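Shown next, in structure tokens, is the structure this report addresses.
The values are calculated or read from the model by the stated rules, or taken from the named source; none is laboratory data. Given the structure is predicted, the values throughout are model-derived calculations rather than measurements. Cβ placement follows ideal geometry from the backbone for every residue including glycine, while neighbour counts extend to all protein chains displayed. Keep in mind that these areas ignore ligands, DNA and RNA; they rest on the heavy atoms of the full protein, side chains included. Shrake-Rupley method; radii C 1.70, N 1.55, O 1.52, S 1.80 Å.
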Amino acid sequence: VLNLVNALLMAAAMTAVSVRGAGFGVRLAIGLCMVLFAVLATHGSSWNWFYFPDDYTVAMMADTIIGWTLAAIVMAAILRNGRLDPAT
């Protein structure tokens with residue numbers, strides 16, 4: 001459920017820029033900024049404040065970055081002009 005809510009938030013942000021005519025690259029950049037923010041806010045903070053092991057932190061960061069980057073690519077490709085484009 002949390003991942004669904006996160007995906008809806010990312011899609012909402014991409015839709016907001018799509019309404020203004022932003023293309024695939026801008027939508028993807030918005031998604032990637034959200035991914036980096038999430039990684040640094042969660043795993044980066046845990047590593048810094050709670051002294052999580054470096055290997056664990058890197059693995060968790062990589063997992064989050066890879067998974068959400070793939071999701072961002074798909075969402076950026078599907079969302080066009082502030083709506084879902086069934087042609088893609």
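Charging the Cβ of each Asp and Glu at -1 and of each Lys and Arg at +1, and nothing else, the dipole of the chain about its Cα centre rounds to 500 debye.
In this structure the stretch 7-46 gives 54 Å² per residue of accessible area when probed at 1.4 Å with all protein chains present. For the stretch 1-43, the gyration tensor built on C-alpha atoms gives an oblate shape. Its axis ratio a/c (a ≥ b ≥ c) is at least 1.5, and a/b is not larger than b/c.
Would you work out which of Ala59, Met75, His43 lies farthest towards the positive end of the dipole of the chain? Charges go on Cβ: Lys and Arg +1, Asp and Glu -1. Towards the positive end, the residue furthest out is Met75.
If I stretch the segment between Leu40 and Ile78 completely, what's the gain in nm (0.36 nm per residue apart, minus their alpha carbon distance), one decimal?
11.0 nm
Derived scalar couplings between HN and Hα for the stretch 64-80 equal 5, 5, 5, x, 6, 5, 4, 4, 5, 4, 5, 5, 5, 6, 7, 7, 9 Hz in order, rounded to whole Hz, by the Karplus curve 6.51 cos²θ - 1.76 cosθ + 1.60 (θ = phi - 60°), x for Gly and Pro. Between the beta carbons of Leu4 and Asp55, assuming R0 = 30 Å, the FRET efficiency works out to 0.50 to the nearest 0.05. Phi-derived couplings, Karplus 6.51 cos²θ - 1.76 cosθ + 1.60 at θ = phi - 60°, listed residue by residue for the stretch 17-23: 7, 5, 4, 8, x, 5, x Hz, with x used for Gly and Pro.
Of the solvent-accessible surface of the chain, computed with a 1.4 Å probe and all protein chains present, 74% belongs to carbon and sulfur. Scalar couplings 3J(HN,Hα) for the stretch 42-48, obtained by applying the Karplus form with A = 6.51, B = -1.76, C = 1.60 to θ = phi - 60°, are 9, 6, x, 5, 4, 5, 6 Hz; x denotes Gly and Pro.
Among the listed values (1) 15.5, 44; (2) 13.3, 41; (3) 14.6, 48, the one matching Rg and Dmax of the Cα atoms in Å as calculated from this structure is (3).
Report the calculated FRET efficiency for Ile66 and Val19 (r = Cβ-Cβ distance, R0 = 35 Å), to the nearest 0.05. The calculated FRET efficiency here is 0.75.
Can you give the relative contact order of the chain as a percent, counting alpha carbon pairs under 8 Å and 6+ residues apart? It rounds to 42 percent for the chain.
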